[in-house]
Amino acid sequence: MHRKKLVAANWKMNLSPGQGQDLVKRIKSKLPENLNCEVIIAPPFVYIASLTALLEGSPIQSGAQHCHTESSGAFTGEISADMLSQLGVRYCLVGHSERRQLFQESNDFIRGKVDVILKNHMVPIFCCGEPLEIREKNGQNDFVRKQLEDSLFHLKADVIQQVVIAYEPIWAIGTGVTASPDQAQEMHAYIRSVLEANYGDQVSTEVRILYGGSIKADNAAVLFSQPDVDGGLVGGAALDPDGFLAIIQAGNS
Ligand code: PEP
């Protein structure tokens, strides 16, 4: 089974409107001609409509960084999955460690978000990963397995197959410290083994598992060459057009 690689940019709360437009235009204009991986850009909400329109006709798809579990109502400041879907957004991050830590998103709330994203025909990019103190105690496998069990494993086999998982060890996010290719491969293979135990061989070989955490132009290729790493979720390095294009190139080979 061939899993198509996927490279996703998470801009977080960065860039002015003009900088965002420029960045998308530069990436669009320099994409490899023989692009054979998927490319996603998740800008801040306020840019999502104009950037989704700008991306129309290009192979790059837009993604959202968050959504609420409800479809409408008195939730000041929130955005629903229906709204995103109607704007042409096709992917939505869920379970990012910054949302878990800074906005107290629980595994239950994350599960509700997964459901509403799927209900609106978008693909959840489900982020999981352990903090440093858990890795130091070698508890990362149990930690990640519980995140998967609590927020994903209620899904039926034909549904979970559509989900993209992103393994993002918290100690590697925005720190400049990257998991070694062996550490990434080890966890990705473990996640695949948990998928297999719960859903069987077909699901475990089809689900794409991205790595995230200080991916840069100079480490992307070796990370993406690991057998169970199907691309990357990129924060800081996605704000620089040349750096992000080099990462796309690494996902393209
Ligand atoms: C992220 O926030 O998803 C991320 C991977 O960030 P960075 O690449 O900056 O570590």
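Read-outs throughout are calculated quantities, based only on the coordinates presented, and are distinct from any laboratory measurement. All figures in this text were calculated on a predicted structure; none of them were measured in a lab. Note that each Cβ is placed from the backbone with ideal geometry, even for glycine, and that neighbours are counted across all protein chains shown.
Among Lys30, Lys5, the ranking by other beta carbons within 10 Å of each residue's beta carbon, starting with the fewest, stands as Lys30, Lys5. A straight Cα-to-Cα reach below 15 Å connects Lys156 with the aspartates and glutamates Asp115, Glu196, Asp201, Glu206, residues fewer than 8 places away in its own chain not being considered.
Distance distribution note for the stretch 68-159: the fraction of Cα pairs above 19 angstrom is 43%. In terms of its C-alpha gyration tensor, the chain comes out rounded, because the ratio a/c of the largest to the smallest axis stays below 1.5.
The lysines within cross-link reach of Lys12, meaning a Cα-to-Cα straight distance under 25 Å and a gap of 8 or more places when in the same chain, are Lys4, Lys25, Lys28, Lys30, Lys113, Lys119, Lys216. When only the Cβ of Lys, Arg, Asp and Glu is charged (+1, +1, -1, -1), the dipole of the chain relative to its Cα centre reaches about 440 debye. Among the DSSP helices (H) of the chain, those spanning at least 20 angstrom by Cα along their long axis with an average Kyte-Doolittle hydropathy of -1.0 or more are 181-199; this is a geometric and hydropathy rule only.
Measuring nothing but how far apart in sequence close Cα pairs (under 8 Å, 6+ apart) lie, relative to its length, the chain scores a relative contact order of 22 percent. P(r) tail for the stretch 119-184, what percent of Cα pairs lie past 18 Å? When all Cα pairs of the stretch 119-184 are counted, 43 percent exceed 18 Å.
Annotation: the residues Phe224, Phe75, Phe143, sorted from fewest to most other C-beta atoms within 10 Å of their own C-beta, follow the order Phe75, Phe143, Phe224. When Trp11, Trp171 are sorted by how many other C-beta atoms sit within 10 angstrom of their C-beta, beginning with the fewest, the order is Trp171, Trp11. Projecting the Cα atoms of Ala53, Ser97, Ser71 onto the dipole axis of the stretch 42-108, where Lys and Arg carry +1 and Asp and Glu carry -1 at the beta carbon, places Ala53 farthest toward the positive end.
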